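Since the structure comes first, as structure tokens, the remarks are kept for the end.
The values are calculated or read from the model by the stated rules, or taken from the named source; none is laboratory data. What you are looking at is a predicted structure, and each value in this text was computed from that prediction instead of being measured. Positions of Cβ are generated from backbone atoms using ideal geometry, with glycine treated the same way; all protein chains shown enter the neighbour counts. The accessibility values were calculated without ligands, DNA or RNA, using every heavy atom of the protein model including side chains. Shrake-Rupley method; radii C 1.70, N 1.55, O 1.52, S 1.80 Å.
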Amino acid sequence: MGFGDLKAASGLQMLNDYLADRSYIEGYVPSQADIAVYEALGAPPLSTFYHALRWYNHIRSYESTKTSLPGVKQPLGKYGPQNVADTTSAKASVDDDDDIDLFGSDEEEESGEAQRVREERLAQYEAKKTKKPALVAKSCILLDVKPWDDETDMSKLEECVRSVVLNGLVWGCSKLVPVGYGIKKLQIQCVVEDDKVGTDLLEETITAFEDFVQSVDVAAFNKV
């Protein structure tokens, strides 16, 4: 298993294809599997790998809480398509033999203190999951997404926008609105949880698709 060399275009393309119909590397929630691949990339993929970029930006939102995500981080060869060798991890093993695995390993013996900290974090995570949710503040946002010119594929532009997956974001209806000279903009509605998704994050994530998107503006903003 693996994605080939994630530092090369071929590896990024394999990751992009793998994420075309998946939100995460494994399962249906972010986990240490996502963190392992995210850290191996080291930088956002180009916008041409839009599924991989959408996933990367989503996992980046968990940067401050990544140690609390479920699972145990494994070598890259444990993730991805079958019958594909992981050359990224092979290179890393030569260069980084003395690196310390901060996430630990199933084969390493935990000290008493490390085990206590790990159990406390797991207990906090479980308590957070089972805690009765409080009233969630939400907003309805109408975005104007403008293309570069009249030759931009608007169906592909909308596909890129809707590929953005963020915790607390739900996409709604959309339409194309003429702006002049044969150019149309995408007007799309979404509902966000205020504590999780802001307009700055939305604009930054969508404008990352720079091959299709020229700019993003907030046309309307209302509390739900």
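Between the DSSP loop rule and a limit of at most 15 other Cβ atoms within 10 Å, which GluC sites (Glu not before Pro) in the range 161-219 are left? Kindly include the intermediate steps, with their values, before the conclusion.
On the way: sites: E193, E203, E204, E210; in loops: E210.
Listed in order of number, the matching sites are E210.
What is the calculated FRET efficiency for S155 to A8, with r their C-beta to C-beta distance and R₀ = 25 Å, to the nearest 0.05? Result of the calculation: an efficiency of 0.25. Checking the cross-link pairs K78/K156; K7/K196; K7/K73; K73/K196; K156/K185 against a 23 Å limit on the alpha carbon distance flags K78/K156; K7/K196; K73/K196 as lying beyond it.
A probe of 1.4 angstrom, applied to the heavy atoms of all protein chains, finds C173 with accessible area near 90 square angstrom.
Extending 7 Å from Cα along the Cβ direction at V179 and again at N83 yields two label points whose distance is 4.6 nm. Ranked from largest, the principal axis spans of the Cα set of the chain equal 65, 45, 25 Å. Counting charges near I206 (Lys, Arg +1; Asp, Glu -1) among other residues having Cβ under 14 Å from its Cβ returns a value of -4.
Label-to-label distance, R118 versus V72, with points set 7 angstrom from Cα along the beta-carbon direction: 0.6 nm. The tail of the calculated P(r) for the range 114-196, taken as Cα-Cα distances beyond 16 Å, holds 66 percent of the pairs.
Which entries of K146/K175; K128/K223; K184/K223 show an alpha-carbon separation above 21 angstrom in the structure shown? The pairs that break the limit, which is 21 Å between Cα atoms, are K128/K223; K184/K223.
Considering only alpha-carbon pairs that sit under 8 angstrom and 6 or more positions apart, the relative contact order computed for the chain is 22 percent. Backbone amide hydrogens, once placed in the peptide plane, bring V179 within less than 5 Å of K184, K185, excluding anything fewer than 5 places away on its chain.
Residues considered: S23, S139, S31. Largest GNM mean-square fluctuation over the chain, using C-alpha springs under 10 Å, is found at S139.
Note on Y50: accessible area is roughly 40 Å² with a 1.4 Å probe, heavy atoms of protein only. The residues packed around V179, meaning those with a beta-carbon under 14 Å from its beta-carbon, carry a net charge of 0 if Lys and Arg are +1 and Asp and Glu are -1.
For chymotrypsin sites (Phe, Trp or Tyr not before Pro), the sites in the range 171-214 that DSSP calls loop and that have at most 13 other Cβ atoms within 10 Å are Y181.
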